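The values are calculated or read from the model by the stated rules, or taken from the named source; none is laboratory data. Note that this is a predicted model, so its numbers are computed, not measured. Backbone-built Cβ (ideal geometry, glycine too); neighbour counts: all protein chains shown.
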Ligand code: GAL
């Protein structure tokens, strides 16, 4: 009997080594990640986006890719241009690409549950970014306090009720397919319901803006003006894009700047409208924090490392481990202490000098 490897018959030794090697390779491949394709040295993250139409998403993409890069990971970005079928195809392409983790910004919260199931069949974990994916075993969710967004928007109006009579209010909700739009509305309702019940606020017209499109928001306000004339005091618009569409309708009617208008996202155009006085408030969501923490979580998922998420979001199927980030109400009076201080906007771009 051979006493050491050196004494062994060389052919037997060879067989032994190749057996060990194939077992090791099999192990790596079967784990389906942490070196998806051929044991990558750098994790590859797939980022599937609904759209790049709103300004913020372009910033989210750039910040996320940069943060992941700092953590030694590569990111493959695909944007679905607001098409569900296209987004599902994008996710399938990223799965075929054997990404180590998927980050999805869903166009349609429910439709993307199929994408999560496909990813899990390929043992790829999924992080939902900003918007929840419902009806599936989603691994992780990171976003802002979206109910609070709605509360800040409605509270801003509640703090500016007319001295006499009711506030005559128009409401523009976001895309019905976006779970966030429902959370923003829920937050707004939390503040408005008691005021409506007390007869201090009356909602004269309300509707959902498909795909969050500004032109759809403009149509909603045009319809309200046709019905009511210029007889209203405020527009509770759920984001800056829809606020911009609404303000176009007010401008055509010659009443821009005379009606309170809310928003969200601190888009550059919205910050400029705050200075001009045609929009009255927006909600600032620090994208640099969201993208940084999302990249950290995605890279940990890709490396199959444990992640910490202190909150949960019920998505109709499970309690998804979640991370919620803070937000800030912004008016023309605190632009410098918020979006300019954090470098999201420059003094020159906002104030023009
Ligand atoms: C929401 C997002 C908002 C807004 C909107 C339109 O889900 O939270 O920041 O931009 O989509 O894209």
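Condition (residue is surrounded by fewer than 23 Cβ atoms within 10 Å (Cβ to Cβ) and more than 16 Å from the ligand (Cβ to nearest atom)) applied to the stretch 43-54: is it met by at least one residue?
Among the residues of the stretch 43-54, at least one is surrounded by fewer than 23 Cβ atoms within 10 Å (Cβ to Cβ) and more than 16 Å from the ligand (Cβ to nearest atom), which makes the answer yes.
Does any residue in the stretch 176-198 that is free of Cβ contacts under 8 Å to residues at least 12 places away in the same chain come within less than 6 Å, Cβ to Cβ, of a residue that is away from the ligand (no atom under 14 Å from the Cβ) and in a helix (DSSP H, G or I) six or more places away or on a different chain, and which pairs are these?
Close Cβ pairs (under 6 Å, with a partner that is away from the ligand (no atom under 14 Å from the Cβ) and in a helix (DSSP H, G or I)) do not exist here.
Cβ-Cβ below 6 Å, separation at least six or inter-chain, first residue in the stretch 100-121 and at positive phi, second crowded, with 17+ Cβ neighbours inside 10 Å and at pLDDT 95 or above: which pairs?
As it stands, the answer is none, since no pair meets every condition given.
For every residue, the table says whether it meets (1) without any contact (Cβ under 8 Å) to a residue 60 or more places away in the chain; (2) buried (at least 24 other Cβ atoms within 10 Å of the Cβ); (3) within 15 Å of residue 345 (Cα to Cα); (4) more than 14 Å from the ligand (Cβ to nearest atom).
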| site | (1), (2), (3), (4) |
| --- | --- |
| 262 | no, yes, no, no |
| 266 | no, yes, yes, no |
| 271 | no, yes, yes, yes |
| 282 | yes, yes, yes, no |
| 292 | no, no, no, yes |
| 296 | no, no, no, yes |
| 304 | no, no, no, yes |
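Criterion first (in contact (Cβ under 8 Å) with a residue 40 or more places away in the chain, farther than 19 Å from residue 323 by Cβ and in a helix (DSSP H, G or I)) does residue 94 satisfy it?
Judged against the criteria, residue 94 is a match.
Condition first: within 16 Å of the chain's Cα centre (by Cα) and farther than 25 Å from residue 135 by Cβ. Can you find one or more residues in the stretch 274-284 that meet it?
yes
Mind counting the residues in the stretch 183-201 that are in a helix (DSSP H, G or I) and either near the ligand (Cβ under 10 Å from one of its atoms) or on the phi > 0 side of the Ramachandran plot (or both)?
Of the residues in the stretch 183-201, 2 are in a helix (DSSP H, G or I) and either near the ligand (Cβ under 10 Å from one of its atoms) or on the phi > 0 side of the Ramachandran plot (or both).
Please state which one of 170, 127, 204, 161 is at pLDDT 95 or above, in a loop (DSSP other than H, G, I, E, B) and either touching a strand residue (DSSP E or B) at 6+ places or on another chain (Cβ under 6 Å) or surrounded by fewer than 22 Cβ atoms within 10 Å (Cβ to Cβ) (or both).
161
May I ask you to list the residues in the stretch 307-348 that are part of a helix (DSSP H, G or I) and surrounded by 12 or more Cβ atoms within 10 Å (Cβ to Cβ)?
336, 338, 339, 340
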